[in-house]
Amino acid sequence: MSYAADPHPAERGLSERHVRILDAAEHVFARAGFHAATMNDVAVEAGMSPGNLYRYFPSKDAIVAGIAERDRSEIAADFAELDPAKGGLLDQLEELGRLHLVNKPREKSVIALQIWAEATRNPEMAQMCAGIDGTVEQGLAAAVAVARENGELPVNLDQARFLQAIFMMADGFFCRRAVDPDFDAAAGAETLFAAMRGLAQVMLLPPASDEQP
């Protein structure tokens, strides 16, 4: 079954130099903060001259846009790989959650927090965040809809509220991991998954008016 999320295979064709710069920028932004970091800091981390860096990205904002698009494309591709033929969709969603919540380095959470803060006053950053959120919502909604159809989730699940709850819990997870260096990400993810499965059984649509209570 094909999910709505677009894997954007072209994004996986980034040059080695682009990848090196984006990786270096993530290290620098997580360590120094987005505003304090300079293009020269990124160039040093990437092992290239500032002039060469500007050939690939003209500004820090352009680098952040590159990071955001790379993350969005990767998430879309991951959701596109979900397949009921591979087993339970809830189990696959949990594995996908572990990949992005636990296996990714903590600095991804630190950078996410910085970008969210910047998005409150920068419309371009807000649009980047909306793009990532839209990709996640699209992929989750498609997976949850199929899980309802195949009996993994209640058919009368209030999908809109359920997805909203998952989003809020995941956002809180990222914030906690960013601000607490001792946060146990693996244990936290298991708590989130247990809460997700529990909510799915009780967050149900009200019965239709013609149904008996």
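A few notes on this one:
- Alpha-carbon spread of the stretch 133-213, three principal axes, descending order, Å: 53, 27, 20
- Principal axes of the stretch 66-213: Cα extent on each, largest first, Å: 50, 31, 28
- Ordered by 1.4 Å accessible area with all protein chains kept, 98, 106 run largest first as 106, 98.
- Using the Cβ-Cβ distance between residue 168 and residue 49 with R0 set to 35 Å, the FRET efficiency from 1/(1 + (r/R0)^6) comes to roughly 0.20.
- Principal-axis tilt of helix 159-179 within the chain, Cα atoms, nearest 10 degrees: 40
- Rounded tilt (10° steps) of 16-32 against the dominant C-alpha axis of the chain: 90
- Summing Cβ point charges (Lys, Arg +1; Asp, Glu -1) relative to the Cα centre of the chain gives a dipole of roughly 580 debye.
- Accessible-area rank, largest first, for 128, 196: 128, 196, with all protein chains present and a 1.4 angstrom probe.
- Solvent-accessible surface of the stretch 77-119, averaged per residue with a 1.4 angstrom probe and all protein chains in place: 44 square angstrom.
- Solvent-accessible area of residue 60 with every protein chain in place, 1.4 Å probe, in Å² to the nearest 10: 40
- Computed [θ] at 222 nm, helices only, for the chain once each DSSP H run of length n ≥ 4 contributes -39500 (n - 2.57): -22000 deg cm²/dmol
- With all protein chains modelled, accessible area of residue 100 [1.4 Å, Å²]: 40
- Applying the criteria of a DSSP loop state and at most 12 other Cβ atoms within 10 Å to the chymotrypsin sites (Phe, Trp or Tyr not before Pro) of the stretch 135-213 yields no site.
- Residue-span extension gain [residue 107 to residue 120] - 0.36 nm each, minus C-alpha spacing: 2.6 nm
- Rounded if a/c under 1.5, otherwise prolate or oblate - the stretch 95-137, Cα gyration tensor axes: oblate
- The accessible surface of the stretch 55-100, taken with every protein chain in place and a 1.4 Å probe, is 53 percent carbon and sulfur.
- Rounded to the nearest 20, the Cβ-based charge dipole of the stretch 6-95 about its Cα centre (Lys and Arg +1, Asp and Glu -1) stands at 580 debye.
The values are calculated or read from the model by the stated rules, or taken from the named source; none is laboratory data. Note that the structure is predicted; figures quoted are calculated from it, not measured. Heads up, the Cβs are rebuilt from the backbone with ideal geometry, glycines too, and the neighbour counts pull from every protein chain shown. Quick note on the areas: whole protein, heavy atoms, side chains included, nothing else; ligands and nucleic acids left out. Shrake-Rupley method; radii C 1.70, N 1.55, O 1.52, S 1.80 Å.
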